[in-house]
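Written out below as structure tokens is the structure these notes cover.
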Amino acid sequence: MFKVAICDDEIGTCNDIENIILSFSKSYAIQIETEVFYSGETLYYSIREDCQFDLVFLDIQLLQMDGVQVGKQIREQLGNENISIVYISSKETYAMSLFQVRPLDFLIKPIAKDKIFETLRKFIHLNEVKKKVFYFNRDKSIYRLSFDEIRYFACNKKKIEIHTVTDVIDFYGNMQQVMQQVEGQGFWVIHKSFIVNSAFVAVYHYDSVQMIDDTVLPISQKYRKVMKECLAEIYRKG
């Protein structure tokens with residue numbers, strides 16, 4: 001799920017942007033939670049108090065603390081480079097002042113639906129590149145998990161169980177589909193029913209691996225040679 005903040009002192013603009021974002025969420029089956037702010041101060045204080053947002057639509061022409069100031073405070077005072085900022089304005093003369101904030105995009109009012117859709121698609125693509133995530137379908141929605149949250153995958157009949165650091169989540173799928181997403185990301189197939197994240201393996205045996213939570217998973221004969229080669233490569237690299 002993505003959390004998106006909308007900050008503009010015009011209620012109508014906030015409503016329009018929020019409706020377009022929710023339309024995008026429905027069209028692409030991506031969970032997006034929105035929160036609206038009508039001043040730069042309230043947005044900044046919310047972020048400072050540890051309210052996490054992935055993306056912010058931020059009007060430049062705000063009273064008191066304007067959008068440029070808010071952006072600089074987020075980057076410089078809070079040291080937050082993770083939030084993507086999309087500036088919105090009725091003027092086009094802010095290019096140089098926005099440079100230090102490193103915005104994702106700059107949109108001119110009135111903002112068309114296709115422009116916001118395009119920006120959201122860009123944001124999601126860059127997010128995928130920046131942070132490796134696993135996507136899966138469940139209950140007619142698309143979910144995402146960071147690779148570094150996943151300990152291993154287990155096949156249970158027609159369902160795949162994702163064993164994370166805190167929970168077990170299942171969805172309908174197969175191991176081939178899982179491997180297409182995680183290949184080359186430190187995940188190893190050790191059995192037709194198990195794919196493990198090597199970062200969570202504590203001990204390697206000839207016929208099994210012991211995970212850091214003491215779970216022992218079997219290495220089938222088919223994959224023992226491959227596992228031996230993977231371990232040899234790790235030792236070679238030091």
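Collect residues whose amide H, placed 1.01 Å from N in the peptide plane, falls under 5 Å from the amide H of Ser208; neighbours closer than 5 in sequence don't count.
Residues meeting the criterion, in which the H sits 1.01 Å from N, are Ile219.
Students sometimes get this wrong: rank Met179, Met211 by accessible area, probe 1.4 Å, all chains present, largest first.
Met179, Met211
Output wanted: per-residue J couplings in Hz (rounded whole) for the stretch 196-201, from phi through Karplus 6.51 cos²θ - 1.76 cosθ + 1.60, θ = phi - 60°, x for Gly and Pro.
10, 8, 4, 5, 10, 8
Give Lys159/Lys228; Lys26/Lys122; Lys109/Lys132; Lys132/Lys228; Lys72/Lys113 a once-over and call out the pairs whose C-alpha atoms are over 24 Å from each other.
Table pairs above 24 Å Cα-Cα are Lys159/Lys228; Lys109/Lys132; Lys132/Lys228; Lys72/Lys113.
May I ask you to evaluate 6.51 cos²θ - 1.76 cosθ + 1.60, the Karplus curve with θ = phi - 60°, for each residue of the stretch 215-224 and list the ³J(HN,Hα) values in order in whole Hz, giving x for glycine and proline?
5, 10, 10, x, 9, 6, 4, 4, 9, 5
Could you name the aspartates and glutamates in cross-link range of Lys158, using Cα to Cα under 20 Å and dropping any fewer than eight places away on the same chain?
Leaving aside aspartates and glutamates fewer than 8 places away in the same chain, those within reach of Lys158 are Asp139, Asp167, Asp170.
Quick one: angle between helix 11-28 and the longest Cα principal axis of the chain, in degrees between 0 and 90, rounded to 10, please.
Approximately 20 degrees, to the nearest ten.
Counting each DSSP H run of 4 or more residues in the chain as -39500 (n - 2.57), what helix-only mean residue ellipticity at 222 nm follows after dividing by all residues, to the nearest 500 deg cm²/dmol?
Here the helix-only value at 222 nm equals -10500 deg cm²/dmol.
Quick check: at a probe of 1.4 Å, how many percent of the accessible area of the stretch 121-209 sits on carbon and sulfur atoms?
48
Tilt of helix 113-130 relative to the longest C-alpha principal axis of the chain, in degrees (0 to 90, nearest 10)?
The helix 113-130 is inclined about 40 degrees to the chain.
In square angstrom, what is the accessible area per residue of the chain with a 1.4 angstrom probe?
Each residue of the chain exposes 57 Å² on average to a 1.4 Å probe.
What is the pair-distance distribution P(r) of the stretch 114-155, computed from all Cα-Cα distances in 10 Å bins starting at 0, with each bin given as a whole percent?
24, 42, 28, 6, 0
In what sequence, largest accessible area first, do Val133, Val189 appear using a 1.4 Å probe?
Reading off the accessible areas and sorting them downward yields Val189, Val133.
Which GluC sites (Glu not before Pro) does the stretch 66-166 hold that lie in a coil by DSSP with at most 13 other beta carbons within 10 Å?
Filter output for the stretch 66-166: Glu81, Glu92.
For the stretch 78-90, in order, what is each residue's ³J(HN,Hα) by Karplus, 6.51 cos²θ - 1.76 cosθ + 1.60 with θ = phi - 60°, in whole Hz (x at glycine and Pro)?
Taking θ as phi minus 60°, the curve returns 8, x, 9, 9, 7, 6, 8, 10, 10, 7, 10, 6, 8 Hz for the stretch 78-90.
Find me the longest stretch of the chain that has none of the exposed trypsin sites (Lys or Arg not before Pro), where exposed means in a DSSP loop (not H, G, I, E or B) with at most 10 other Cβ atoms within 10 Å.
So the longest stretch without any such site is 1-90.
The values are calculated or read from the model by the stated rules, or taken from the named source; none is laboratory data. Every value quoted in this text rests on a predicted model; they were computed, and no experiment measured them. For neighbour counting, all protein chains shown are included, and Cβ atoms are generated from backbone atoms with ideal geometry for every residue, glycine included. Calculation scope for accessible area: heavy atoms of the full protein, side chains included, ligands and nucleic acids excluded. Shrake-Rupley method; radii C 1.70, N 1.55, O 1.52, S 1.80 Å.
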